[in-house]
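Colleague: Take a look at this one; I'll ask things after.
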Amino acid sequence: MNLKDHIRSIPDYPKKGILFRDITTLIKNEIAFTKCIDEIVEKSKKFKFDKIAAIEARGFVFASAVSYILKKPFILLRKKNKLPADTHSVNFQLEYGQATMEIHKDSINKNDSVLLIDDLVATGGTASAAAKLIEISKGKVAGFIFVINLFDLGGNNNLLKLGYKTEKLIDFPGH
(Lines give C-alpha, C1' and ligand atoms only; values in the text may rest on other atoms or scores of the structure.)
Protein backbone atom coordinates (compact mmCIF):
# COMPACT_ATOMS: atom_id res chain seq x y z
CA MET A 1 0.00 0.00 0.00
CA ASN A 2 1.27 3.45 -0.90
CA LEU A 3 0.20 5.94 1.79
CA LYS A 4 0.56 8.76 -0.74
CA ASP A 5 -2.51 7.41 -2.54
CA HIS A 6 -4.58 8.17 0.58
CA ILE A 7 -3.73 11.88 0.83
CA ARG A 8 -6.19 14.29 -0.76
CA SER A 9 -4.82 17.49 -2.32
CA ILE A 10 -6.97 20.61 -2.11
CA PRO A 11 -5.88 23.65 -4.16
CA ASP A 12 -6.21 27.20 -2.82
CA TYR A 13 -6.87 26.17 0.79
CA PRO A 14 -6.71 27.86 3.27
CA LYS A 15 -5.85 30.65 0.84
CA LYS A 16 -5.10 31.08 -2.85
CA GLY A 17 -1.77 29.61 -3.88
CA ILE A 18 -1.64 26.97 -1.13
CA LEU A 19 -2.00 23.30 -2.13
CA PHE A 20 -3.30 21.71 1.07
CA ARG A 21 -2.40 18.06 1.74
CA ASP A 22 -5.39 16.62 3.60
CA ILE A 23 -4.68 13.66 5.90
CA THR A 24 -8.37 13.06 6.74
CA THR A 25 -8.63 10.70 3.78
CA LEU A 26 -5.75 8.67 5.22
CA ILE A 27 -7.06 8.48 8.78
CA LYS A 28 -10.59 7.52 7.74
CA ASN A 29 -9.20 4.40 6.06
CA GLU A 30 -8.42 1.96 8.88
CA ILE A 31 -5.90 -0.01 6.82
CA ALA A 32 -4.00 3.09 5.64
CA PHE A 33 -4.10 4.63 9.12
CA THR A 34 -2.82 1.44 10.75
CA LYS A 35 0.01 1.20 8.19
CA CYS A 36 0.88 4.86 8.81
CA ILE A 37 1.06 4.37 12.59
CA ASP A 38 3.10 1.17 12.14
CA GLU A 39 5.57 3.07 9.93
CA ILE A 40 5.91 5.88 12.49
CA VAL A 41 6.52 3.32 15.25
CA GLU A 42 9.18 1.66 13.10
CA LYS A 43 10.89 5.00 12.35
CA SER A 44 10.78 5.91 16.05
CA LYS A 45 13.28 3.09 16.69
CA LYS A 46 15.95 5.36 15.17
CA PHE A 47 15.60 7.74 18.13
CA LYS A 48 16.29 7.48 21.86
CA PHE A 49 13.51 9.32 23.71
CA ASP A 50 11.57 9.51 26.97
CA LYS A 51 8.42 11.30 25.81
CA ILE A 52 6.43 12.07 22.68
CA ALA A 53 5.10 15.52 21.86
CA ALA A 54 2.76 16.62 19.10
CA ILE A 55 1.61 19.85 17.58
CA GLU A 56 -2.08 20.81 17.64
CA ALA A 57 -4.19 19.44 16.13
CA ARG A 58 -3.43 16.93 13.39
CA GLY A 59 -0.19 15.85 15.07
CA PHE A 60 -2.29 14.65 18.01
CA VAL A 61 -3.98 12.04 15.80
CA PHE A 62 -0.70 10.30 15.00
CA ALA A 63 1.30 10.92 18.16
CA SER A 64 -1.38 9.72 20.58
CA ALA A 65 -1.60 6.36 18.78
CA VAL A 66 2.20 6.02 18.75
CA SER A 67 2.39 7.03 22.42
CA TYR A 68 -0.14 4.32 23.29
CA ILE A 69 1.72 1.62 21.35
CA LEU A 70 5.14 2.58 22.74
CA LYS A 71 3.81 3.27 26.24
CA LYS A 72 5.48 6.69 26.34
CA PRO A 73 4.11 9.87 27.95
CA PHE A 74 2.34 12.20 25.50
CA ILE A 75 2.76 15.99 25.61
CA LEU A 76 0.43 18.46 23.93
CA LEU A 77 1.81 21.53 22.15
CA ARG A 78 -1.20 23.80 21.76
CA LYS A 79 -2.36 27.12 20.41
CA LYS A 80 -2.27 30.11 22.73
CA ASN A 81 -4.68 30.05 25.71
CA LYS A 82 -5.73 26.40 25.23
CA LEU A 83 -3.74 24.95 28.15
CA PRO A 84 -5.12 25.63 31.66
CA ALA A 85 -1.92 25.60 33.79
CA ASP A 86 1.28 27.68 33.65
CA THR A 87 2.86 27.61 30.19
CA HIS A 88 5.91 28.50 28.15
CA SER A 89 5.06 30.26 24.86
CA VAL A 90 6.75 30.75 21.49
CA ASN A 91 5.60 33.06 18.69
CA PHE A 92 6.36 31.90 15.15
CA GLN A 93 5.64 32.54 11.47
CA LEU A 94 3.41 30.23 9.45
CA GLU A 95 3.41 29.94 5.67
CA TYR A 96 0.16 31.93 5.72
CA GLY A 97 0.21 33.89 8.99
CA GLN A 98 1.55 34.15 12.51
CA ALA A 99 0.81 32.01 15.58
CA THR A 100 1.73 31.24 19.19
CA MET A 101 2.32 27.74 20.57
CA GLU A 102 2.39 26.76 24.24
CA ILE A 103 3.41 23.87 26.49
CA HIS A 104 2.64 23.27 30.16
CA LYS A 105 5.67 24.17 32.24
CA ASP A 106 5.45 20.84 34.08
CA SER A 107 5.30 18.65 30.93
CA ILE A 108 9.03 18.08 30.60
CA ASN A 109 11.68 17.37 33.19
CA LYS A 110 15.25 18.60 32.81
CA ASN A 111 17.07 16.53 30.15
CA ASP A 112 13.97 14.59 29.04
CA SER A 113 14.50 13.54 25.44
CA VAL A 114 11.38 14.28 23.38
CA LEU A 115 10.35 12.92 19.99
CA LEU A 116 8.13 15.36 18.08
CA ILE A 117 5.50 13.94 15.73
CA ASP A 118 3.42 15.97 13.29
CA ASP A 119 1.36 15.38 10.18
CA LEU A 120 3.37 17.66 7.90
CA VAL A 121 6.47 19.82 7.55
CA ALA A 122 6.30 22.73 5.11
CA THR A 123 8.63 25.66 5.83
CA GLY A 124 9.62 24.28 9.23
CA GLY A 125 8.42 27.30 11.23
CA THR A 126 5.96 25.34 13.36
CA ALA A 127 8.42 22.49 13.93
CA SER A 128 11.19 24.95 14.92
CA ALA A 129 8.80 26.61 17.38
CA ALA A 130 7.95 23.20 18.85
CA ALA A 131 11.66 22.46 19.29
CA LYS A 132 12.13 25.82 21.04
CA LEU A 133 9.33 24.94 23.47
CA ILE A 134 11.00 21.63 24.31
CA GLU A 135 14.33 23.40 24.84
CA ILE A 136 12.81 26.25 26.89
CA SER A 137 11.36 23.50 29.09
CA LYS A 138 14.94 22.18 29.62
CA GLY A 139 14.28 19.10 27.50
CA LYS A 140 16.19 17.83 24.50
CA VAL A 141 14.76 17.26 21.04
CA ALA A 142 15.39 13.62 20.07
CA GLY A 143 14.10 14.35 16.57
CA PHE A 144 11.03 14.73 14.40
CA ILE A 145 8.82 12.31 12.50
CA PHE A 146 6.48 13.76 9.88
CA VAL A 147 3.84 11.91 7.90
CA ILE A 148 4.30 14.35 4.99
CA ASN A 149 7.33 16.36 3.89
CA LEU A 150 6.59 19.18 1.43
CA PHE A 151 10.12 18.92 0.11
CA ASP A 152 10.21 22.01 -2.10
CA LEU A 153 9.25 24.31 0.80
CA GLY A 154 12.49 23.45 2.60
CA GLY A 155 11.29 22.87 6.15
CA ASN A 156 12.87 19.44 6.56
CA ASN A 157 16.19 20.77 5.25
CA ASN A 158 15.95 23.78 7.58
CA LEU A 159 15.52 21.46 10.57
CA LEU A 160 18.50 19.36 9.46
CA LYS A 161 20.63 22.53 9.14
CA LEU A 162 19.65 23.41 12.73
CA GLY A 163 21.04 20.05 13.82
CA TYR A 164 17.77 18.17 14.33
CA LYS A 165 17.23 14.61 13.13
CA THR A 166 14.15 14.04 11.00
CA GLU A 167 12.24 11.17 9.44
CA LYS A 168 9.26 11.31 7.09
CA LEU A 169 6.88 8.84 5.51
CA ILE A 170 5.78 10.67 2.35
CA ASP A 171 7.33 13.34 0.11
CA PHE A 172 5.07 15.74 -1.80
CA PRO A 173 5.78 18.99 -3.59
CA GLY A 174 4.29 21.93 -1.71
CA HIS A 175 2.78 23.62 -4.74
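The values are calculated or read from the model by the stated rules, or taken from the named source; none is laboratory data. Worth saying up front: this structure is predicted, and the values here are computed from it rather than measured. All Cβ positions, glycine included, derive from the backbone under ideal geometry; neighbour counts span all protein chains shown.
Colleague: Out of (1) in a strand (DSSP E or B); (2) within 14 Å of the chain's Cα centre (by Cα); (3) under 26 Å from H175 (Cβ atoms), the odd one out for Q93 is which?
Modeller: (2)
Colleague: Still on this model: May I ask you to list pairs of residues, at least six apart or on different chains, whose Cβ atoms are under 6 Å apart, with the first in region 1-20 being touching a residue at least 60 places away in the same chain (Cβ under 8 Å) and the second being surrounded by 10 or more Cβ atoms within 10 Å (Cβ to Cβ) and among the β-branched types (V, I, T)?
Modeller: L3/I170; K4/I170
Colleague: Quick check on G143: is it in contact with a Lys or Arg (Cβ under 9 Å, 6 or more places away or on another chain) and at pLDDT below 95?
Modeller: Numbers: in contact with a Lys or Arg (Cβ under 9 Å, 6 or more places away or on another chain): yes; at pLDDT below 95: no.
When the stated conditions are applied, G143 does not pass them.
Colleague: Just to be sure before I move on: is K35 modelled with pLDDT of 95 or more, in contact with a Leu (Cβ under 8 Å, 6 or more places away or on another chain) and either hydrophobic (A, V, I, L, M, F, W, C) or under 23 Å from F151 (Cβ atoms) (or both) in the structure I sent? Spell out the reasoning first.
Modeller: Details: modelled with pLDDT of 95 or more: yes; in contact with a Leu (Cβ under 8 Å, 6 or more places away or on another chain): yes; either hydrophobic (A, V, I, L, M, F, W, C) or under 23 Å from F151 (Cβ atoms) (or both): yes.
Against the criterion (modelled with pLDDT of 95 or more, in contact with a Leu (Cβ under 8 Å, 6 or more places away or on another chain) and either hydrophobic (A, V, I, L, M, F, W, C) or under 23 Å from F151 (Cβ atoms) (or both)), K35 qualifies.
Colleague: To continue, here is another question. Evaluate the following for F60: is it touching a residue at least 12 places away in the same chain (Cβ under 8 Å), in a loop (DSSP other than H, G, I, E, B), within 27 Å of K79 (Cα to Cα) and under 18 Å from the mean Cα position of the chain (by Cα)?
Modeller: no
Colleague: Separate question: Has region 34-53 got at least one residue that is in contact with a strand residue (DSSP E or B) (Cβ under 8 Å, 6 or more places away or on another chain), touching a residue at least 60 places away in the same chain (Cβ under 8 Å), closer than 23 Å to L115 by Cβ and acidic (D, E)? Spell out how you get there, then give the answer.
Modeller: Initially, region 34-53 is screened for residues in contact with a strand residue (DSSP E or B) (Cβ under 8 Å, 6 or more places away or on another chain), giving 36, 39-40, 43-44, 46-53.
Pick out the ones that are also touching a residue at least 60 places away in the same chain (Cβ under 8 Å) and you get 36, 39-40, 43-44, 46-53.
The next check asks that each one be closer than 23 Å to L115 by Cβ; those that pass are 36, 39-40, 43-44, 46-53.
Adding the requirement that they be acidic (D, E) leaves 39, 50.
Yes, the conditions are met somewhere in region 34-53.
Colleague: Among the listed residues K4, K82, which satisfies the condition of being of a type in the set (K, R), farther than 18 Å from F146 by Cα, at pLDDT 95 or above and not in a strand (DSSP E or B)?
Modeller: Details: K4 fails: farther than 18 Å from F146 by Cα.
Just a single option satisfies the conditions, and that option is K82.
Colleague: Let me ask you something else. State the number of residues belonging to region 159-171 that are surrounded by fewer than 17 Cβ atoms within 10 Å (Cβ to Cβ) and outside any loop (DSSP other than H, G, I, E, B). Walk me through how you get there before you give the answer.
Modeller: Within region 159-171, the subset surrounded by fewer than 17 Cβ atoms within 10 Å (Cβ to Cβ) is 160-163, 165, 171.
From the residues that got through so far, the ones that are outside any loop (DSSP other than H, G, I, E, B) too are 160-161, 171.
Qualifying residue count for the region: 3.
Colleague: Just to be sure before I move on: is V66 out of contact with any Cys (no Cβ under 7 Å at 6 or more places or on another chain), surrounded by 19 or more Cβ atoms within 10 Å (Cβ to Cβ) and farther than 12 Å from A142 by Cβ in the structure I sent? First the steps, then the outcome.
Modeller: Details: out of contact with any Cys (no Cβ under 7 Å at 6 or more places or on another chain): yes; surrounded by 19 or more Cβ atoms within 10 Å (Cβ to Cβ): yes; farther than 12 Å from A142 by Cβ: yes.
Considered against the rule, which asks whether it is out of contact with any Cys (no Cβ under 7 Å at 6 or more places or on another chain), surrounded by 19 or more Cβ atoms within 10 Å (Cβ to Cβ) and farther than 12 Å from A142 by Cβ, V66 comes out as yes.
Colleague: Please pick out the residue among I117, I136, I108, I103 that is surrounded by fewer than 19 Cβ atoms within 10 Å (Cβ to Cβ), of a type in the set (A, V, I, L, M) and modelled with pLDDT of 95 or more. So that I can check it myself, show each step before the final result.
Modeller: On the way: I117 fails: surrounded by fewer than 19 Cβ atoms within 10 Å (Cβ to Cβ); I108 fails: surrounded by fewer than 19 Cβ atoms within 10 Å (Cβ to Cβ); I103 fails: surrounded by fewer than 19 Cβ atoms within 10 Å (Cβ to Cβ).
Result: I136 is the single residue among I117, I136, I108, I103 that is surrounded by fewer than 19 Cβ atoms within 10 Å (Cβ to Cβ), of a type in the set (A, V, I, L, M) and modelled with pLDDT of 95 or more.
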